[in-house]
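What follows is a single structure, written as structure tokens, with notes after it.
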Amino acid sequence: MSGIFERIAAIGVVPVIAIDRVQDALPLADALLEGGLPLAEITFRTEAAAQAIAALTAQRPELLVGAGTLLDAGAVAQAVSCGAAFGLAPGFDPTVLDAASRQQLPFAPGVMTPSDLSLAAARGLRVAKFFPAGIVGGPAALTGISAPFSHLGMQFIPTGGVSQATLADWLRLPQVLAVGGTWIARSEDIRAGHFGEITRLARAARQQVAQ
Ligand code: 3PG
């Protein structure tokens, strides 16, 4: 497994972030760091994403910053050029996987079904995002879907519908590397400058991981 994913596993929670304004990037980073959560997945769903990643990697090197919602090879190239340390996607797209591999970007594609897992396993991937984790059926769904692949040692980042309330249920599973979600750094809190709330939620999540 890439050293980046080992670092993500040690942190345990991936805050998934959609940022609208580049100027919010540094206060957001400081809020996460203050809460003991030195990790951020900046999603390529907003115009500001690439610039926010560039600002964070340049000015907050203690924060591990990745790019999310990488839906095509162009997004992968952009993520790499702005300094993202890892990439994630909601789905399994071979062209995105190829681009990430060409650019040597540690990358976890989205999987939801045994067919997706089979395709990921055939490519030698050992880390995938399980998405949308809650809607598909929660920890029981991941347990069932991943069982035939357990001998391969695949690890998952369940995301989508995960919350502080369900975090512990996911982390209990040995095949869960870390969990992801938007509940820690919500777009409305970022927009409103409620960075204290982000610190509070980050700290609560980290405490849950530590238990
Ligand atoms: C993602 O992009 O990973 C999901 O939108 C996060 O889902 P959540 O909002 O339910 O955490």
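Quick notes on this one:
- Test: residue in the range 47-55 that is more than 16 Å from the ligand (Cβ to nearest atom), modelled with pLDDT of 95 or more and β-branched (Val, Ile, Thr): no
- Residues in the range 163-182 that are crowded, with 20+ Cβ neighbours inside 10 Å and near the ligand (Cβ under 10 Å from one of its atoms) were compared, and the one that is nearest to residue 88 (Cα to Cα) is 180.
- Residue match in the range 73-81 (condition: surrounded by 20 or more Cβ atoms within 10 Å (Cβ to Cβ) and among the small types (Gly, Ala, Ser)): yes
- For beta carbons closer than 7 Å, sequence separation of 6+ or different chains, a first residue in the range 126-139 that is under 18 Å from residue 150 (Cβ atoms) and a second that is among the small types (Gly, Ala, Ser) and part of a helix (DSSP H, G or I), the qualifying pairs are 128/120.
- Residue selected from the range 33-53 under the condition in contact with a Leu (Cβ under 8 Å, 6 or more places away or on another chain) and surrounded by fewer than 20 Cβ atoms within 10 Å (Cβ to Cβ), by the criterion farthest from residue 85 (Cα to Cα): 33
- Residue 56 being surrounded by 21 or more Cβ atoms within 10 Å (Cβ to Cβ) and farther than 15 Å from residue 8 by Cβ: yes
- Neighbours by Cβ (under 6 Å, 6+ apart or cross-chain): first from the range 72-86, farther than 10 Å from residue 49 by Cβ; second aliphatic (A, V, I, L, M) and in a loop (DSSP other than H, G, I, E, B): 76/70; 80/105
- Among all residues of the range 155-170, there is at least one that is out of contact with any strand residue (DSSP E or B) (no Cβ under 6 Å at 6 or more places or on another chain), modelled with pLDDT of 95 or more and at positive phi.
- Test: residue 160 is in contact with an Asp or Glu (Cβ under 8 Å, 6 or more places away or on another chain), within 16 Å of the ligand (Cβ to nearest atom) and either under 22 Å from residue 41 (Cα atoms) or not small (Gly, Ala, Ser) (or both): no
- Counting residues in the range 184-205 that are within 12 Å of the ligand (Cβ to nearest atom), under 21 Å from residue 7 (Cβ atoms) and not in a helix (DSSP H, G or I) gives one or more.
The values are calculated or read from the model by the stated rules, or taken from the named source; none is laboratory data. Bear in mind that the values here come from a model prediction, so they are computed numbers and not experimental data. Positions of Cβ are generated from backbone atoms using ideal geometry, with glycine treated the same way; all protein chains shown enter the neighbour counts.
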